[in-house]
Each structure stands twice: as structure tokens, then as C-alpha cells.
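Worksheet for the structure shown next.
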Amino acid sequence: MTTRRRRRTPEQAREEILAAATELIARYGPDGVGLRQVADAVGITHGLVTHYFGTYSALVRAVLQRENERQRERVRERMRADQGVPLADGMTRVLFETLADERYVRLFTWSSLHSEDVGTSSRGLSELVDAMQAGIRAVLPEPETPDRARIEAVVLLGLSAAYGYALGKRSWLAGLGHDPADPTHDTAFRAALTSALATYLTGGSPS
């Protein structure tokens, strides 16, 4: 494919590469894209993508970092709208708004499986817990505030269940005789898990 030559600053080139990679990964999944497809989409050489990002795994991690910031901003917006996250329903609503994006779930999972630095793809998780803890403290007196260990447990339980559902729901729902494209199954699953997490979150300090 003939590349479209035009002058770009390094910042413009990086931004265009990330934007193209984000769109392609959203459409085809991380395993369906490579550096050459990204280069063709931007109109630059394969070598230039390698120059800025090195490997495809590094490029996916850079896309994930952008997505992590997008998700954190969603949490901040929800907190501003709710004046700090209410304890049970609001807490789990924020969590599931973060996890409802199947594209993000698949990107996070792929990056976790392919990253040589395990912490690279997960640093945003600690910041997510920080944001939730700060929001809860803003609206609840100290004796009623769940400690960080309990918030982390809720987040880990929610992540595990939501990631598993996002990755397996098509085959699992079909195996149960349901239509995977029916959004009512997603709604019912999130409602059930939200109820379970809310019950645990308000149950006092973990033993």
C-alpha cells in the first residue's frame, strides 16, 4: 500500500499512530492488528512506527495507558456528578461503568498476557482504587468508610467477574440457550453482581 507522505512533528506522528492503533484494535482486537496495519492506516512507514514505539506489545500498552486515563476521567466525572461516590450503589455503578466497555476489557487482558512488565498494564488499577476511596471518604464519616483492603477486594472481585463475562459471554450464553446479542443478559448480570458486591462492601472489615 502506498503511504501518504506529509510532514509531521514527532508529537503529531505519535498521536496519529496511537489514534490509528486505538481504532484498529477496537475493530479487530489486539490479535488482529500489527505494526504494518497501523503504519498503513496513518500513511507512514513500518519503520517509523517501530522508531516511536519499538514493538507491537509496547504500542498496545501505550494505547492501554490512554484508555486507562479515559476510564479514570469517567470515574472523576461520576464523582463530580454524585458529589463523591455514595457507598454501595454508587460505588458499584462507577465500577461497572468502567468495566462495561468490552473493547477496554479485551485490550487490558491482552496487554496483561503479553506484557513483560506485569505492573505496566495494571498501574491504573491502583489509581482507580485511590479515586474510589477518596470519593467515599468525601461523603461518609470515618467509622462508616470501608477500608482500602475491602475496596480492593470489591474491585478485584468485580474485575474478575466482569472480565470473565466479557470474554466468555458469547459462548456461555449460547451454551445456555440464550441469544448473546440480547442486552438484557448484560443488564441482569451486572445487576446481580452489583448486588453481591454492594453487600460485601457494606459488611464491615474483612476478617
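Check every one of the helices (runs of 4 or more DSSP H) wholly within region 10-71 and list those with 3 or more residues that are closer than 16 Å to HIS114 by Cβ, hydrophobic (A, V, I, L, M, F, W, C) and in contact (Cβ under 8 Å) with a residue 24 or more places away in the chain.
Numbers: elements: 10-28, 35-42, 46-53.
Helices (runs of 4 or more DSSP H) meeting the threshold: none at all.
Looking only at region 166-181, decide whether some residue is on the phi > 0 side of the Ramachandran plot and loosely packed, with under 11 Cβ neighbours inside 10 Å. Give the steps one after another, and end with the answer.
Our first condition is that a residue be on the phi > 0 side of the Ramachandran plot; within region 166-181, this holds for 177.
Cutting the leftovers down to loosely packed, with under 11 Cβ neighbours inside 10 Å gives us 177.
Taking every residue of region 166-181 in turn, at least one turns out to be on the phi > 0 side of the Ramachandran plot and loosely packed, with under 11 Cβ neighbours inside 10 Å.
Has region 155-170 got any residue that is among the aromatic types (Phe, Trp, Tyr) and farther than 29 Å from ASP130 by Cα? Don't jump to the end; show me each part of the working.
Going residue by residue through region 155-170, those that are among the aromatic types (Phe, Trp, Tyr) are 163, 165.
Then keep just the ones that are farther than 29 Å from ASP130 by Cα; that gives none.
No: region 155-170 contains no residue that is among the aromatic types (Phe, Trp, Tyr) and farther than 29 Å from ASP130 by Cα.
Every residue, every condition in (1) modelled with pLDDT of 75 or more; (2) assigned by TED's automatic domain parsing to the domain that holds ASP186; (3) in contact with a Gly (Cβ under 6 Å, 6 or more places away or on another chain); (4) buried (at least 16 other Cβ atoms within 10 Å of the Cβ), yes or no:
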residue	(1), (2), (3), (4)
ARG72	no, no, no, yes
ASP89	no, yes, no, no
VAL94	no, yes, no, yes
ASP101	no, yes, no, yes
SER121	no, yes, no, yes
ALA134	yes, yes, no, no
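Run down SER160, SER195 and say which single residue is under 17 Å from the mean Cα position of the chain (by Cα) and of a type in the set (Ser, Thr, Tyr).
Numbers: SER195 fails: under 17 Å from the mean Cα position of the chain (by Cα).
Testing whether each residue is under 17 Å from the mean Cα position of the chain (by Cα) and of a type in the set (Ser, Thr, Tyr) leaves just SER160.
Of everything in region 106-119 that's surrounded by 14 or more Cβ atoms within 10 Å (Cβ to Cβ) and more than 11 Å from PRO30 (Cα to Cα), which residue is modelled with the highest pLDDT? Please lay out each step first, then the result.
From region 106-119, those surrounded by 14 or more Cβ atoms within 10 Å (Cβ to Cβ) are 106-112, 114-115; that's our starting set.
If we keep only those that are more than 11 Å from PRO30 (Cα to Cα) as well, we get 112, 115.
Numbers: SER112: 73, SER115: 63.
Residue satisfying both the conditions and the ranking: SER112.
Would you pick out the residues in region 137-165 that are touching a Pro at 6+ places or on another chain (Cβ under 7 Å) and surrounded by 12 or more Cβ atoms within 10 Å (Cβ to Cβ)? First the steps, then the outcome.
Step one: filter region 137-165 for residues touching a Pro at 6+ places or on another chain (Cβ under 7 Å), giving 139, 149-150, 153.
Across region 137-165, the qualifying residues are VAL139, ARG150, ALA153.
Looking at this structure, is ALA198 surrounded by 10 or more Cβ atoms within 10 Å (Cβ to Cβ), modelled with pLDDT of 90 or more and among the hydrophobic types (A, V, I, L, M, F, W, C)? Even if it seems obvious, please write down each step before you answer.
Working: surrounded by 10 or more Cβ atoms within 10 Å (Cβ to Cβ): yes; modelled with pLDDT of 90 or more: no; among the hydrophobic types (A, V, I, L, M, F, W, C): yes.
No, not satisfied.
If we keep just the residues of region 1-30 that are within 26 Å of LEU167 (Cβ to Cβ), out of contact with any helix residue (DSSP H, G or I) (no Cβ under 7 Å at 6 or more places or on another chain) and not hydroxyl-bearing (Ser, Thr, Tyr), which is modelled with the highest pLDDT?
Pass one, region 1-30, residues within 26 Å of LEU167 (Cβ to Cβ): 18-30.
Filter again for out of contact with any helix residue (DSSP H, G or I) (no Cβ under 7 Å at 6 or more places or on another chain), leaving 19, 23, 27-28.
Subsequent filtering for residues that are not hydroxyl-bearing (Ser, Thr, Tyr) retains 19, 23, 27.
Details: ALA19: 92, GLU23: 88, ARG27: 82.
Here the answer is ALA19.
The values are calculated or read from the model by the stated rules, or taken from the named source; none is laboratory data. Only a predicted model underlies this, so the values are computations on that prediction, with no experimental measurement involved. Cβ coordinates were reconstructed from backbone atoms using ideal geometry, including for glycine residues, and neighbour counts include every protein chain displayed.
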